[in-house]
Structure formats: structure tokens, C-alpha cells
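Since the structure comes first, as C-alpha cells, the remarks are kept for the end.
The values are calculated or read from the model by the stated rules, or taken from the named source; none is laboratory data. Nothing here was measured: the structure is a model prediction, and the numbers come from that model. Cβ coordinates were reconstructed from backbone atoms using ideal geometry, including for glycine residues, and neighbour counts include every protein chain displayed.
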């Protein structure tokens, strides 16, 4: 989308989470020195010592049982005929019954959210990819099929190659499938999440990675905290998922690269499978 996001506060938070060694600060791609090994998981926390149980108090003398009061009479139950529940009709959109990606994109093009859009950004990549990269929306300055030719695409290709995921096994899709910037109200986000769920069921990725704070909240909900969840094992639509920082911001920000490589990626298990 065309709107800009301020990541200054995120960077302040992230800067406190990683020890920046002098040698690492000079690296453009911190994963370039570790292409054949996976990111090491963080050291386990030390086991907590359980306090010993307190000594049991000495037994006391049994109390004299008191006389039980007579139970109060129960009111007589009256049988009442309840009205039968009315069946609730659940509306199903056409795209939810699509059996192929072609049918899916043809059906969502008819939905109100995309009815005025001349063309939609479609999934790009292999069948059943190991990794599906999900971005908030396509960029007007990147033609379809040319993402991996951009500096951001080349950076991500090298990053995931260091995690033993080759570019040929990576697919690309978008939460909102038009480069036209717009605000997305909550009801529309709900509809777009349904579309993403159906799209995942047709693409069948091994797991999905989202990039950036806006799409993180749109996919996983406003109640989750990005700083706490970045890199963690999550789930969406029955598929494994995790969230990383904005890839386009990471391209030119060494600090975000270091935090992604040293803090976020080691948090989860999907990159270690």
C-alpha cells in the first residue's frame, strides 16, 4: 500500500533486545556468514528450584458433630413447552466454494471490495510451496513476477537460502490484492481474512510468513503484540505461520536485519524443520 509506517518506536524496542557486536554492525547481511547452518535457538532458562513443603500441623481434636437441620421443601416443578429453535442460515460467498485458484480469483473479483479494481495481484510461485511470503499489498513499482529481481527480493532469497529454503520453493501473495492505498475497516478485514484462509487451502504451503506490523494485525488480530510475537510459532487458517518485520524496511536497515536474524528467527521452530 502507498501509506508510510513509522517504525522508529519498533526499532527502539528491538535495539534493546540484541547485543550488537562491533563486527556484526558492519555486515549488510548477518546471515551471509552462516549459509550452511540454521539459526541457533536461545539458551533455555535455568530451572526454578521448588521450595520445600511446610511441615504438617499436629492433628487437632475432632469436633463434636452438630445436628443437621431439616431440608427445606423443594418447590414443585411445572412443565413448560419451549418454542423450537429456528434454523440460522449461514451465507456462503462464492469464493469459499472455489476448487481452484483460477476460480477463486474470478470469484473474489466480483466481491464489493474488488469490484472497482481493474486487476488483482495473484499468487506467484510453485504448487505447494515450502514457504508462502505474505505482504500487506502489492507495490505499484514492482511488476508481477519481478519481485525476486528487486533488492528486497534478493535479500529475502539469500536469507531463506541460509535457512535451507530455496527461492524455487517460495511463493508470494498479498493480504489486500491491489496496490491502491486505502484504509481497511474491521468488517472488511474479516472478509479479507476469509479470502486468505481459502487461498491458503488452495495453495497448500508448508508454512506462511507475514512481513510488517500492519499485515500482522490484519491477519492475527489487533489484540496481539507484534514485539512479543515476532518469530514465534503461530497458526492461521489451519496452517503454520509466523511474523517478521517489514521486509522493505529491513533491506536498508542493518539493525532490523540483525534483530530478525539473531532474535526473531531463533524464537520459533518452523525454520528448523
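Quick look at the numbers
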| read-out | value |
| --- | --- |
| Flag for residue 172 being under 20 Å from residue 120 (Cα atoms) and modelled with pLDDT under 95 | no |
| Unique residue being within 16 Å of the chain's Cα centre (by Cα), under 25 Å from residue 112 (Cβ atoms) and modelled with pLDDT of 95 or more when the list is 206, 189, 199 | 199 |
| Test: residue in segment 233-248 that is in a helix (DSSP H, G or I), at pLDDT 95 or above and out of contact with any strand residue (DSSP E or B) (no Cβ under 6 Å at 6 or more places or on another chain) | yes |
| Helices (runs of 4 or more DSSP H) lying entirely in segment 134-229 (those with 1 or more residues that are exposed (fewer than 15 other Cβ atoms within 10 Å of the Cβ), out of contact with any helix residue (DSSP H, G or I) (no Cβ under 9 Å at 6 or more places or on another chain) and in contact (Cβ under 8 Å) with a residue 12 or more places away in the chain) | 186-203 |
| Among (1) part of a loop (DSSP other than H, G, I, E, B); (2) in contact with a helix residue (DSSP H, G or I) (Cβ under 9 Å, 6 or more places away or on another chain); (3) crowded, with 17+ Cβ neighbours inside 10 Å - the single one residue 127 does not satisfy | (3) |
